[in-house]
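The values are calculated or read from the model by the stated rules, or taken from the named source; none is laboratory data. No experiment lies behind these values; they were computed from the predicted model shown. Cβ atoms come from the backbone with ideal geometry, glycine included; neighbour counts cover every protein chain shown.
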Amino acid sequence: MNKKEVKQRIELLKKEIEHHRYLYHVRDIQEISDAALDSLKKELFDLEQQYPEYITPNSPTQRVAGEPLAQFTKVTHSHRMLSLNDAFSREDMEEWVARMERFLPEANFSFFVEPKIDGLAMNLTYKNGELVVASTRGNGYVGEDVTVNIRTIQSVPLQLRDIPVIRHVDTVEIRGEVYMTKQSFNAVNTEREKAGEPLYMNPRNLAAGSIRQLDPHLTASRDLRFLAYALPTDLGQKTHAEEHKLLESMGFRTDPLCRVCTSIDDVMKMYGEMQKKRDALPYQIDGMVIMVNDNALFTRLGVVGKAPRGSVALKFPAEQATTVVEAIDVQVGRTGVLTPVAHLRPVRVAGTMVKRATLHNMDEIRRLDVRVGDTVVIQKAGDIIPDIVEVLKKMRSGKPRTWQMPKRCPLCNALVQQPEGEVAFYCTNPDCDGKHREQLYHFVSKHAFDIEGLGPKIIDQLVEQDLIATPADIFTLTEEDLVPLERFAEQSAHNLLESIRERTTISLARFLYALGIRHVGEQMAHTLADEFKTLDAFLQASAEDIDVIPRIGPAAVKSIAEYLSNPKHQKMLKALREHLTIQKVKTNASGKLSGTSFLFTGALSHMTREEAKERVQALGGKTAVSVTAELSYLVVGDKPGSKLTKAEKLGVTVLSEDEFLKIVSV
Ligand code: IVH
């Protein structure tokens, strides 16, 4: 063969092999024997070895694992990766629909229903049809680049099938689940058992363990699969059902059990059927994903917290087991809350050994009437710490005493108090050792400062040696402090200081989350950071400034305001800032409403007020609570109130709803 012929032959082989890969791994069809396919692959491999200039990254030979990585790089998702709220019953489902109807009264919903596979969510980015990045969900905003590993999965196309709609876009994003069949899962565990290695808990852990590790050879050795379930890129799809059709024509496997249901009755019927089929399916499912089928409605329904309002995970009943409560004690959290915890006789539930269950609070203990020595039913769903759902009272022997919340903190002996109107009991000592330690643990934890090598054990040691008391002290540690300590040598001291130093530049959202303010979780920290942009702006915020931010409830507003006005916290923040560079959140300068503010009065007819505010913010604008001369626009709906008169007096621009809609429609 001359060079031209070689090139042609390579192209033919690639096409043929790709065709069989697709049939086999996506469509479950086998047209030629394994031996015949192997022989085609061998010929391609040999030719490419002779003519390496003809090797392309998407050749079937390039699915083999490359060099192990030193570490994962981070990828910022262009569309945030959300999670789902759970539902467990018809009642929950009806409530969900009622919530949506309140939000969009005029809408008529039908639902796309698909099995919820127990695996690892993955985002695939294709540029000009070729796979360029595969990333994990991470915190929803930023994930890890695991492309080298994902390339080894045969059901992931390295190249999209050419369909007309993708010719007009250069980037296509695909979402789906990487998972493992029950059979392959069992095979891996059998091997591990023989080798005396610890077993994997469930297929999801195994799938995650195979992807979130640095050696692609290991990934390749595991029989992983990919099922696509969403297409964040707009290719003109009007419904989720159409989205699945598009995914299939681009060359992805989708779940054949998906269906459109027109009512909650239909959904519940399918739920019943699925529960029966569940054990016979080749992969593990833990429920069903239900989403509003109409994409325009789905988008309008927006996001609440980390989950889209337009979808829900209808879970199968959690797994249960019975065991005995051996003791009840309390844990002191970083906000000083005392949480009762039951210590259980160890028992296996949903694949894991359970030794403890949370009892939440005193009300819960009274409701269950749980006492030490009781036989109880515990329940576990997913990764959540198990709950006690019932006490088997007939099995009670003797007269076990009811449990009481301790009067004094078990860690610092200070008085315990229950504030009016709250269910929680708190340690009253602002300097409670337990509280401080929990705060420090939280401060360095993965989603906060993420300081490698500074876990609870080391923190305990540093606190006991009086080397640290507040977060700021972490940044003044020196090698001389650490080297004399047990567990430290020069190298490990050096490493720890290095990882502390690496974290002295931090995003505002992480920083706010790390402070451990009550009610401020990761999600809210992001909202606050997006709103205030700089730490200074946040520190100067009044309760009213915080109150106007959608998605922040009154309890959080109160707790943030209290936190900020506490002189101790102000002092701590001042000390902390000296060691840190806190990154400013970039303003949405491209947002067409940046620099403007909106206020609404009267009833809107095309959207709810909440939805209107979200639109403004999505475009970089602000929303205000009262009419001031600084306000850019007052939007007037039906039956406006006194705000209109005031706006007119101050010369604020007044918009009708239609004018407003024109501004925010993109
Ligand atoms: S749709 C907003 N469909 O479940 C997230 N998710 O709890 C929309 N999952 O992170 C996801 N099967 O990893 C969707 N058919 C399916 C799914 C599915 C499994 C996972 C996914 C997601 C998690 C959400």
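Summary table below
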{"quantity": "Candidates Gly236, Gly251, filtered to the one that is part of a loop (DSSP other than H, G, I, E, B), more than 28 Å from Asn149 (Cα to Cα), of a type outside the set (S, T, N, Q) and in contact with a helix residue (DSSP H, G or I) (Cβ under 7 Å, 6 or more places away or on another chain)", "calculated": "Gly236"}
{"quantity": "Among the residues listed as Ile546, Ile517, Ile552, the single one being on the phi < 0 side of the Ramachandran plot, without any contact (Cβ under 8 Å) to a residue 40 or more places away in the chain and part of a loop (DSSP other than H, G, I, E, B)", "calculated": "Ile552"}
{"quantity": "Residues (more than 16 Å from the ligand (Cβ to nearest atom), part of a strand (DSSP E or B) and either touching a Ser or Thr at 6+ places or on another chain (Cβ under 6 Å) or among the small types (Gly, Ala, Ser) (or both)) located in segment 86-133", "calculated": "Lys127, Val132, Val133"}
{"quantity": "Test for Ile328: is it among the hydrophobic types (A, V, I, L, M, F, W, C) and outside any strand (DSSP E or B)", "calculated": "no"}
{"quantity": "In segment 297-320, the residues that are within 12 Å of the ligand (Cβ to nearest atom) and of a type in the set (S, T, N, Q)", "calculated": "Ser311"}
{"quantity": "In segment 494-509, the residues that are surrounded by fewer than 21 Cβ atoms within 10 Å (Cβ to Cβ) and in contact (Cβ under 8 Å) with a residue 60 or more places away in the chain", "calculated": "Thr504, Thr505, Ile506, Ser507"}
{"quantity": "Filtered residues of segment 156-213 (kept if under 27 Å from the mean Cα position of the chain (by Cα) and in a strand (DSSP E or B))", "calculated": "Thr171, Val172, Glu173, Ile174, Arg175, Gly176, Glu177, Val178, Tyr179, Met180, Thr181"}
{"quantity": "Boolean, Ala98 is at pLDDT below 95, more than 30 Å from Tyr200 (Cβ to Cβ) and over 23 Å from the mean Cα position of the chain (by Cα)", "calculated": "yes"}
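Residues are listed down the side, and each one gets a yes or a no for (1) of a type outside the set (A, V, I, L, M, F, W, C); (2) within 24 Å of Ala575 (Cβ to Cβ):
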| position | (1), (2) |
| --- | --- |
| Leu368 | no, no |
| Thr375 | yes, no |
| Lys380 | yes, no |
| Ile385 | no, no |
| Lys399 | yes, no |
| His436 | yes, yes |
| Ser445 | yes, yes |
| Phe449 | no, yes |
| Leu462 | no, yes |
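For (1) of a type in the set (Asp, Glu); (2) surrounded by 12 or more Cβ atoms within 10 Å (Cβ to Cβ); (3) more than 22 Å from Gln617 (Cβ to Cβ), each residue gets a yes or a no:
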| position | (1), (2), (3) |
| --- | --- |
| Arg551 | no, yes, no |
| Lys558 | no, yes, yes |
| Tyr563 | no, yes, yes |
| Lys571 | no, yes, yes |
| Lys574 | no, no, yes |
| Glu578 | yes, no, yes |
| Thr581 | no, no, yes |
| Val585 | no, yes, no |
